[in-house]
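The values are calculated or read from the model by the stated rules, or taken from the named source; none is laboratory data. Since this is a predicted model, take the numbers as computed values, not measurements. All Cβ positions, even for glycine, are placed from backbone atoms using ideal geometry, and neighbour counts span all protein chains on display. Side chains included, ligands, DNA and RNA excluded: accessible areas come from the protein's heavy atoms. Shrake-Rupley method; radii C 1.70, N 1.55, O 1.52, S 1.80 Å.
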Amino acid sequence: MNKLKINTLFISIRWKLVSTYILLIAVSLLMINILIQDSLVNQLVTEKKEALISRGNIVSDQIGSSLASAYSKDNIDYIKSVVKRLSIKIDSRVLVLNHSSVVVVDSYDEYDGTDQSDLAEVISANRGISSAGLYKFDDGVQIIYTGTPIYYDGKRVGSLLISSSPDEVYNRINQISRRISRVSFVVVIISLIISIIFADILSKPLEKLTMTVRAVGKKNLNQQIDISSNDELGELSDSINQMVTQLYRVDEMRKQFVSNVSHELKTPITSLKIIAETLVASKPQDIAVYDDFMRDINGELDRLNEIIDTLLTLSKLEHDNVVMDYKLTAIGAVVSASVNMLKPIAEKKRVELVADLQDEVTIFCDSLKIRHCIGNIVNNAIKYTAPGGRVRVRLSVDKNDVLIAVEDTGIGIPKEALPNIFDRFYRVDSARSRQTGGTGLGLSIALKLAQQHGGKITVDSEEGVGTTFVIVIPKKMELEYDA
Ligand SMILES: Nc1ncnc2c1ncn2[C@@H]1O[C@H](COP(=O)(O)OP(=O)(O)OP(=O)(O)O)[C@@H](O)[C@H]1O
Ligand SMILES: [Mg+2]
């Protein structure tokens, strides 16, 4: 993927975040707007109804006597003047009905003499109760009706009907709505800016992560992501950094391994080549010379065989492909056999090799594999101990485990190298190890073999003083282990 595509990817992540955020804010604001509008309509319409009823009550009190006394022209004129004043003041139609619900006065002079007994507010007023209702007509027009009973001397003499448009209420609501919309717009713009900054902060580390992973994918393993945040992204980058470091180490080991193996294989092959060339060139007649050469060839072939065997063993162990031959075994005998097998090498190097079998115990194990495991550790002890030094192999038993300690007075292992010595192909000092021979596989094989028995290997070392490896095998050996 080229840079353009990466940018598009991150732009899209950024914009996904921004658009989600803005959508959430916009939907929330819209809901709030609708809720506010709804409750405002209810509140303002109720207020308007109450105001109209209270006006109606006042006027009813004013015209009660005139409506009750007689229908003289003076009285009617008086009622008309009061009603018209009210009508103008509140910009509404005001009707005065007699006790039979017939219109006596209409502020708009239209409905005089008509019967309005069907209206719910009139019916309610006739029962002595003031009431109000909002009506919506098919043409979209809305009207508030209020009905108030008119009393005189304790007797109901008629009712007052007010019909008023709620437009003024809706106009106020629209004004408030417009104000809320303006504020909402500002809120959305501020949120947009915040979310862009936020998305940028979030997507930048992702961009760095992708770049690094991509570089690692192109085998550029010398990479570390520089993200210091304490959140999940920080954790992710830490994990990726660890993974890359591990990959880098494995890759370095692989290169080292290839170079070691090539060197190890090259040495006997070079010797074989020299022997062959010598034989071809000199054509010695003496059978004894042939015999010497054949011995050398045999020795070199043994060395080649040994290297290839080691590689095959590790390969099988790595793939959990080893058939284990578990039997009840006296472990002391296994330790003795391992030590005895390496005695000649120790003697040759003038390293004292002693076995100290404090306890004897019989456990269920694969004796050959345990011998191999002890052999690798003792072999190292001899290899990394200078002539005149001492290697002691001690067998002891505690409550749960059999402990085989291999203690040497050798060169020791630097503290920083200790965590790596069981890694495949790892060697503390490759230059020196080359002289001593080996591929750096001995300890990883030993550890795998101990693990096959449900055990482990611990190590304690001091440079220049010596090293102690302890092979720990559980007495109640569990046949299965997690690799
Ligand atoms: N007893 C020891 N004293 C000092 N260094 C040790 C000792 N045992 C192991 N090491 C260090 O640990 C490294 C890994 O050991 P390991 O047995 O895996 O490899 P090796 O001995 O180099 O090669 P191989 O065992 O494959 O022939 C060694 O190269 C050596 O540097
Ligand atoms: Mg070794």
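Here are the numbers for the structure shown:
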quantity	calculated
Condition check for residue 158: under 18 Å from residue 63 (Cα atoms) and small (Gly, Ala, Ser)	yes
Filter result for residue 360 (touching a helix residue (DSSP H, G or I) at 6+ places or on another chain (Cβ under 6 Å) and in contact (Cβ under 8 Å) with a residue 24 or more places away in the chain)	yes
Where residue 215 falls short, out of the listed (1) on the phi > 0 side of the Ramachandran plot; (2) open to solvent by less than 50 Å² (accessible area, probe 1.4 Å)	(1)
Tally, over region 448-476, of residues that are in a strand (DSSP E or B) and touching a Leu at 6+ places or on another chain (Cβ under 7 Å)	5
Test for residue 54: is it under 19 Å from residue 145 (Cβ atoms), of a type in the set (Gly, Ala, Ser) and out of contact with any helix residue (DSSP H, G or I) (no Cβ under 7 Å at 6 or more places or on another chain)	yes
For residue 422: the one exception among (1) more than 9 Å from ligand 1 (Cβ to nearest atom); (2) modelled with pLDDT of 90 or more; (3) not basic (Lys, Arg); (4) not in a strand (DSSP E or B)	(1)
Residue check for residue 75: crowded, with 17+ Cβ neighbours inside 10 Å, over 60 Å from the mean Cα position of the chain (by Cα) and without any contact (Cβ under 8 Å) to a residue 24 or more places away in the chain	yes
Complete set of residues in region 367-392 that are near ligand 2 (Cβ under 10 Å from one of its atoms), under 17 Å from residue 472 (Cα atoms) and either of a type in the set (Asp, Glu) or surrounded by fewer than 23 Cβ atoms within 10 Å (Cβ to Cβ) (or both)	375
Count of region 352-392 residues which are under 49 Å from the mean Cα position of the chain (by Cα), away from ligand 1 (no atom under 12 Å from the Cβ) and under 20 Å from residue 460 (Cα atoms)	1
Residue in region 442-469 that is least open to solvent (accessible area, probe 1.4 Å), counting only those that are more than 8 Å from ligand 1 (Cβ to nearest atom) and in contact with a Gly (Cβ under 7 Å, 6 or more places away or on another chain)	464
Residue 402 modelled with pLDDT of 90 or more, over 25 Å from residue 311 (Cβ atoms), surrounded by 20 or more Cβ atoms within 10 Å (Cβ to Cβ) and out of contact with any Gly (no Cβ under 9 Å at 6 or more places or on another chain)	no
Odd one out for residue 67 among (1) free of Cβ contacts under 8 Å to residues at least 60 places away in the same chain; (2) surrounded by 13 or more Cβ atoms within 10 Å (Cβ to Cβ)	(1)
Pair list, Cβ under 9 Å, 6 or more apart: region 440-461 residue free of Cβ contacts under 8 Å to residues at least 60 places away in the same chain, other residue aromatic (Phe, Trp, Tyr) and within 13 Å of ligand 1 (Cβ to nearest atom)	447/422; 458/469; 459/422; 459/469; 460/469; 461/469
Matching residues in region 333-351 - criterion: being among the charged types (D, E, K, R) and either loosely packed, with under 14 Cβ neighbours inside 10 Å or farther than 23 Å from residue 413 by Cα (or both)	343, 347, 348, 350
Candidate set: region 257-302, residues that are closer than 30 Å to residue 444 by Cβ and among the β-branched types (Val, Ile, Thr); chosen: the one surrounded by the most Cβ atoms within 10 Å (Cβ to Cβ)	261
Any hit, region 422-437, residues being within 14 Å of ligand 2 (Cβ to nearest atom), small (Gly, Ala, Ser) and touching a Lys or Arg at 6+ places or on another chain (Cβ under 9 Å)	yes
